[in-house]
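> This is the structure I want to talk about, given as structure tokens.
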Amino acid sequence: MADSIADIDSVFGHPRWPDWSPEEPLIKSSPRRAPGSSSLIFLALSALFAQHAVADAYDTFSLVPSVTRIHDDNLFRLSSSADPQTVLGESSKADDLTVTSLTFRINKPYALQRFEFEISQNNYRYQTFSYLNYSAQPYKAAWRWSLTPYLHGNLTTNRTQVLQNFADYTGYNTRNSHTEKYSRFDGVLDVNASWHVLAAAAQSTSSNSQLTLGQGNSRVDTAEAGIRYVAPSGNSLSYLAKNGRGEYINRPDPILAGIIDNRFDDRENEFRMLWRLTGKTSIDGRLARFDRTHAHFSQRDYGGTVGNLNFNWNISGKSVLTASLARELASYQTNSSSYTTTDRLTLMPYWQVSSQTAVRLRYDHAQRDYLGAIAATPANNRSDTLRTTMIALEWQPYRTLAITTSLQNEKRTSNQPGLDYLSKSFTVTAQMTF
């Protein structure tokens with residue numbers, strides 16, 4: 001579940017965030033305006049033209065315009081004890097965001113191959129904190145290749161651009177753009193119906209436009225190899241060995257002050273499984289041992305067990321329940337921590353009320369601990385609990401038009417002062433497909 005308004009894409013699948021000119025003031029006050037008239041116009045036009053638009057899941061080309069309107073009553077995830085006038089220069093910590101998006105997609109099969117491409121132009125406009133306004137161009141592309149029916153795989157690449165999450169980033173008067181890129185080449189050799197050989201190479205980069213506490217810009221090159229067994233029942237078990245070499249971008253040398261390294265190595269041994277319990281229930285998941293070692297400062301090394309377990313239940317032809325348990329490790333380098341562990345419980349019921357209407361719920365409970373301190377500070381042993389509840393109504397009055405509304409409540413408690421917050425948001429999205 002999204003931790004902030006900046007993560008709205010993870011809920012609805014929309015693209016993301018920024019750009020700031022140094023000539024502009026960091027905080028600018030703007031008068032309150034009525035809800036965006038462009039949003040209302042889009043909804044009206046959607047209803048008018050949706051009956052005449054033609055689109056299909058198997059179309060080679062498609063064009064998808066959408067508009068999203070979000071009201072968040074605590075955009076910067078401030079504690080209830082914080083005075084927004086002092087911190088933000090505004091009397092309120094709420095804001096309204098309008099996101100307009102135009103997505104172009106290609107999906108073309110050719111013999112044993114399939115080519116996929118998607119690029120979006122997304123514009124984010126805040127009503128009050130307009131210095132956060134920006135445009136983004138996320139994309140993703142894939143070649144689903146196959147040399148023979150027994151040797152196949154994927155060549156994929158994607159880029160996402162988001163506004164840094166204000167739950168942890170406290171540069172309230174500065175727009176901080178976070179960009180991630182990921183490219184991967186993988187292949188599968190089907191030895192027979194049961195045994196399959198796996199191999200892959202990947203590169204991932206993560207960067208911020210502003211200096212971000214705990215998160216350095218990095219690039220990781222990874223190679224992996226493994227094997228999968230598939231039983232006649234469809235149940236499967238896979239093993240993968242992964243090795244990665246990482247470096248912090250624009251950091252040629254380690255920094256002794258603060259014990260900040262410039263290189264690291266990742267190693268992971270992973271098991272994946274899919275087990276169909278009955279015709280309506282199944283379990284899938286992964287269990288892995290992950291270790292990160294640094295080139296110069298072993299104080300920053302960490303490792304442990306990671307993975308997730310998902311229980312899927314098709315209650316009826318119109319209702320589904322998914323329950324998930326997960327454990328995650330992530331780098332977070334300050335004097336009071338080197339990494340975080342997150343234990344997460346997620347419940348996701350879904351009900352198809354009619355052929356045009358569905359209700360989706362999500363409850364997320366996450367416990368995050370900050371570990372690996374290199375100095376004694378008041379922030380040592382920080383522990384946060386984040387609870388997120390969301391209910392969404394999905395309505396598709398026409399085959400080419402989808403409208404989604406949602407309510408979300410997000411609450412964080414912490415053993416550190418000033419880190420608690422409560423946020424509520426309301427979202428409505430209209431999307432067409434041509």
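> With each pseudo-label sitting 7 Å past Cα toward Cβ, what's the Leu102-Arg114 distance in nm, one decimal?
Roughly 2.8 nm, to one decimal.
> Can you tell which of Asn158, Leu256, Thr334 lies farthest toward the positive end of the dipole of the chain, using +1 and -1 charges on the Cβ of basic and acidic side chains (Lys, Arg; Asp, Glu)?
Of Asn158, Leu256, Thr334, it is Asn158.
> By per-residue mean of other Cβ atoms within 10 Å, what is the highest-first order of 260-270, 62-72, 378-388?
On the way: 260-270: 17.5, 62-72: 20.0, 378-388: 16.0.
Per-residue mean Cβ counts within 10 Å order the peptides as 62-72, 260-270, 378-388.
> Next question, about the same structure. Using Cα pairs under 8 angstrom and six or more residues apart, how large is the relative contact order of region 263-418, in percent? It would help to have the intermediate numbers written out before the result.
Values: 390 pairs, mean separation 22.3, N = 156.
Once normalised by length, the contact order is 14 percent.
> Quick one: go through region 248-278 and flag any residue whose amide nitrogen is under 16 Å from the point 7 Å out along the Cα-to-Cβ line of Asn235.
272-278
> Relative to the Cα centre, what is the charge dipole magnitude of region 232-295, using +1 at the beta carbon of each Lys and Arg, -1 at the beta carbon of each Asp and Glu, and rounding to the nearest 20 debye?
Values: 11 positive and 9 negative charges, 76 e Å.
Approximately 360 debye in magnitude.
> Right, here's the next one. For region 86-178, with only Lys/Arg (+1) and Asp/Glu (-1) charged at the beta-carbon, what is the dipole magnitude about the Cα centre, in debye rounded to 20? Write down the numbers at each step before the final one.
Details: 9 positive and 6 negative charges, 92 e Å.
Its charge dipole is roughly 440 debye.
> With the Cα gyration tensor of region 159-235 giving a ≥ b ≥ c as the square roots of its eigenvalues, does the rule (a/c under 1.5 for rounded; else a/b larger than b/c for prolate; else oblate) give rounded, prolate or oblate? Don't jump to the answer; show the numbers that get you there.
Values: a/c = 4.33, a/b = 2.93, b/c = 1.48.
The shape class here is prolate.
> Additional query: Mean residue ellipticity at 222 nm from the helices of the chain, using -39,500 (n - 2.57) per DSSP H segment of n ≥ 4 over the full residue count, to the nearest 500 deg cm²/dmol? Kindly include the intermediate steps, with their values, before the conclusion.
Values: 3 runs with 23 residues, N = 434.
Computed ellipticity for the chain at 222 nm equals -1500 deg cm²/dmol.
> Would you mind calculating the gained length between Gln137 and Gln121 on full extension (0.36 nm times residue separation, minus the Cα-Cα distance), in nm to one decimal? Let's see the in-between values first.
On the way: separation 16, 0.36 × 16 = 5.76 nm, distance 0.50 nm.
Result: 5.3 nm gained on full extension.
> Continuing with the same structure: Between Asp265 and Ser383, what FRET efficiency follows from the Cβ-Cβ distance if R0 is 30 Å, with the result rounded to 0.05?
On the way: r = 28 Å, r/R0 = 0.95.
According to the calculation, E is roughly 0.60.
> Quick one: if the Förster radius is 41 Å, what FRET efficiency do Thr342 and Ser91 give, using the C-beta to C-beta distance and rounding to 0.05? Can you show the working numbers first?
Numbers: r = 35 Å, r/R0 = 0.85.
For R0 = 41 Å, the calculated efficiency reads 0.75.
> Assign unit charges at the C-beta atoms only (+1 for Lys and Arg, -1 for Asp and Glu), then state the dipole size of region 5-432 relative to its Cα centre in Debye, rounded to the nearest 20. Can you show the working numbers first?
On the way: 43 positive and 39 negative charges, 156 e Å.
That gives a dipole near 760 debye.
> Could you work out how far apart the two model spin labels at Asn250 and Ile283 are, taking each label as a point 7 Å from the Cα in the direction of the beta carbon, and quote it in nm?
Label-label distance for Asn250 and Ile283, simple model: 4.7 nm.
> Shifting gears a bit: What trypsin sites (Lys or Arg not before Pro) in region 293-327 are in a loop by DSSP, with at most 16 other Cβ atoms within 10 Å of the Cβ?
On the way: sites: Arg300, Lys318, Arg327; in loops: Lys318.
Taking region 293-327 and a limit of 16 other Cβ atoms within 10 Å, the loop trypsin sites (Lys or Arg not before Pro) found are Lys318.
> Please work out how many pairs of lysine residues in the chain are eight or more positions apart (or on different chains) and have Cα atoms closer than 17 angstrom. Each step should come with its number before you reach the end.
Details: Lys28/Lys93; Lys93/Lys411; Lys93/Lys424; Lys108/Lys140; Lys140/Lys181; Lys280/Lys318; Lys411/Lys424.
Count of close lysine pairs: 7.
> Please give the contour-minus-distance gain from Gln352 to Thr60: 0.36 nm per residue of separation, less the Cα-Cα distance, rounded to one decimal in nm. Could you put the intermediate results ahead of the total?
On the way: separation 292, 0.36 × 292 = 105.12 nm, distance 2.82 nm.
Going from the current span to full extension adds 102.3 nm.
> Give me the one-decimal nm value for the distance between modelled label points at Tyr363 and Gln203, 7 Å along each residue's Cα-to-Cβ direction.
4.5 nm
> Specify which residue in the list Gln367, Leu237, Leu407 is farthest towards the positive end of the charge dipole of the chain, using unit charges on the beta carbon of Lys, Arg (+1) and Asp, Glu (-1), about the Cα centre.
Most positive-ward Cα: Leu237.
> What relative contact order, as a whole-number percentage, does the chain give when Cα pairs under 8 Å and 6 or more residues apart are counted? Don't jump to the answer; show the numbers that get you there.
Values: 1149 pairs, mean separation 57.0, N = 434.
Over the chain, the number comes to 13 percent.
> As I understand it, the dipole of the chain uses +1 on the Cβ of Lys and Arg and -1 on the Cβ of Asp and Glu, about the Cα centre. Which of Ser209, Thr388, His196 lies farthest toward its positive end?
Result: His196.
Taken together, the values in this text are just the output of simple stated rules run on the coordinates, not laboratory data. Remember, it's a predicted structure, so these values are computed and weren't measured experimentally. Note that each Cβ is placed from the backbone with ideal geometry, even for glycine, and that neighbours are counted across all protein chains shown.
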